[in-house]
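Visitor: Take this structure first; my questions come after.
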Number of protein chains: 2
Amino acid sequence: MFELDMRSGEPIYEQLVYQFKRLIIEGVMEVDEKLPSVRDLAGQLTVNPNTIQKAYRELEAEGYIYSVKGRGSFVQQREEQSNTAKIEEMKKRMFPLLREAFYLGMTREELEEIIRDANGGMDDD
Amino acid sequence: MFELDMRSGEPIYEQLVYQFKRLIIEGVMEVDEKLPSVRDLAGQLTVNPNTIQKAYRELEAEGYIYSVKGRGSFVQQREEQSNTAKIEEMKKRMFPLLREAFYLGMTREELEEIIRDANGGMDDD
DNA sequence: TTAACTGTATTATTTATCATAATACAGTTT
DNA sequence: AAACTGTATTATGATAAATAATACAGTTAA
């Protein structure tokens, strides 16, 4: 399904969160599509089921999936209206990165190109 | 000089790195200006000197400061030409964030506003 | 109904990282 | 020479990540 870097220092469960977000955002996984079961994925990736569980819990908390006991975990429908609180948090995460980018000599054109790349390839509204 | 959040979970040395980057990027600290000595800053912030040392080592590795044994640590001259490798790394850090931003319903206008904000207030070339 | 699947929770253990602490060494400044 | 600088090393405690072993509850399908 995807790759994990065991020696990167980045926690496995965070890698899982990131990878599933990517699949959901890119539309590779569709709404209500079932994610692998906790035990299955743990077996496939040879990591502990608790690690998978932690990742799923985080994805559920962030609204990317929903879990039903006995049935499984599924891709959540994206909310229609723009979530102001989340956007504010996003701004805070992005700001220092942009500051550093400009400092390193990145031009506005280079940035806008990244933005275009990031906006492309999405299943738009 | 700045504040540290001891209970945020973010490592102290990373907070130090971030804060010094900010001061350098914003031009509050000028080129060749001396940073506080490892022991001084440790005393001021009541943290261990080793923690300061770790932050300075990181800042030096990223090219923000240079250290001279016996003399101190100083703000590094910014490189003139745009550092391609660093910009590539910056793109990789920024891309998933932008993807998520769009997914959460952030508009291109909102993003461009952040970019303007981030680009303003810098001592430009 | 029963067996095999789901998510969820708990407790214990190991490992790695962060931070502190106490030194020591080498170079610079006054 | 004394007091400052950065740098390195070793040890210790605290915390988070990951593993491991169970257990419980709800769902699905034979």
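Visitor: In the range B:30-52, how many are of a type outside the set (V, I, T), under 17 Å from B:E10 (Cα atoms) and crowded, with 16+ Cβ neighbours inside 10 Å?
Guide: Of the residues in the range B:30-52, the ones of a type outside the set (V, I, T) are B:30, B:32-37, B:39-45, B:48-50.
Those still in the list that are under 17 Å from B:E10 (Cα atoms) too: B:45, B:48, B:50.
Pick out the ones that are also crowded, with 16+ Cβ neighbours inside 10 Å and you get B:45.
The qualifying residues number 1.
Visitor: Further, regarding this structure: Go through the range B:1-22 and give me each residue that's among the basic types (K, R) and surrounded by 13 or more Cβ atoms within 10 Å (Cβ to Cβ). Break it down stepwise before answering.
Guide: Taking the range B:1-22 as the starting set, the residues that turn out to be among the basic types (K, R) are B:7, B:21-22.
Within the range B:1-22, B:K21, B:R22 meet the criteria.
Visitor: Out of curiosity, is A:I25 without any contact (Cβ under 8 Å) to a residue 40 or more places away in the chain and surrounded by 15 or more Cβ atoms within 10 Å (Cβ to Cβ)? Reasoning before the result, please.
Guide: On the way: without any contact (Cβ under 8 Å) to a residue 40 or more places away in the chain: no; surrounded by 15 or more Cβ atoms within 10 Å (Cβ to Cβ): yes.
Spelling it out, it is not the case that A:I25 is without any contact (Cβ under 8 Å) to a residue 40 or more places away in the chain and surrounded by 15 or more Cβ atoms within 10 Å (Cβ to Cβ).
Visitor: I would also like to ask the following. Which of the numbered conditions does B:F95 fail, given that it passes all the others? Conditions: (1) hydrophobic (A, V, I, L, M, F, W, C); (2) more than 10 Å from chain A (Cβ to nearest Cβ); (3) surrounded by 14 or more Cβ atoms within 10 Å (Cβ to Cβ).
Guide: Of (1) hydrophobic (A, V, I, L, M, F, W, C); (2) more than 10 Å from chain A (Cβ to nearest Cβ); (3) surrounded by 14 or more Cβ atoms within 10 Å (Cβ to Cβ), only one is false for B:F95: (2).
Visitor: Out of the residues in the range A:24-47 that are within 9 Å of DNA strand C (Cβ to nearest atom) and not in a helix (DSSP H, G or I), which is nearest to the chain's Cα centre (by Cα)?
Guide: It comes out as A:L35.
Visitor: List the residue pairs whose Cβ atoms are under 6 Å apart, where the first residue sits in the range B:99-115 and is within 7 Å of another protein chain (Cβ to nearest Cβ), the second is among the acidic types (D, E) and crowded, with 19+ Cβ neighbours inside 10 Å, and the two are 6 or more positions apart or on different chains.
Guide: The qualifying pairs do not exist here.
The rows are residues; the columns are (1) in a helix (DSSP H, G or I); (2) within 11 Å of DNA strand D (Cβ to nearest atom).
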| residue | (1), (2) |
| --- | --- |
| B:S8 | no, yes |
| B:V17 | yes, no |
| B:R22 | yes, no |
| B:Q53 | yes, yes |
| B:R57 | yes, yes |
| B:F74 | no, yes |
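Visitor: Among the residues of the range A:57-92, which ones are of a type outside the set (F, W, Y), touching a strand residue (DSSP E or B) at 6+ places or on another chain (Cβ under 8 Å) and crowded, with 19+ Cβ neighbours inside 10 Å?
Guide: Once the filter is applied, which keeps residues that are of a type outside the set (F, W, Y), touching a strand residue (DSSP E or B) at 6+ places or on another chain (Cβ under 8 Å) and crowded, with 19+ Cβ neighbours inside 10 Å, the range A:57-92 yields A:L59, A:I65, A:S73, A:V75.
Visitor: Out of B:V17, B:V28, B:V38, B:V68, which single residue is more than 30 Å from A:V28 (Cα to Cα), in contact with a Leu (Cβ under 7 Å, 6 or more places away or on another chain) and more than 7 Å from chain A (Cβ to nearest Cβ)?
Guide: On the way: B:V28 fails: in contact with a Leu (Cβ under 7 Å, 6 or more places away or on another chain); B:V38 fails: in contact with a Leu (Cβ under 7 Å, 6 or more places away or on another chain); B:V68 fails: in contact with a Leu (Cβ under 7 Å, 6 or more places away or on another chain).
Residue meeting the stated conditions: B:V17.
Since every read-out is calculated from the coordinates, none of them should be taken as a lab result. What you see is a predicted model, and the numbers here were worked out from it, not measured in a lab. Neighbour counts are summed over all protein chains in view; Cβ atoms, including those assigned to glycine, are modelled from backbone coordinates with ideal geometry.
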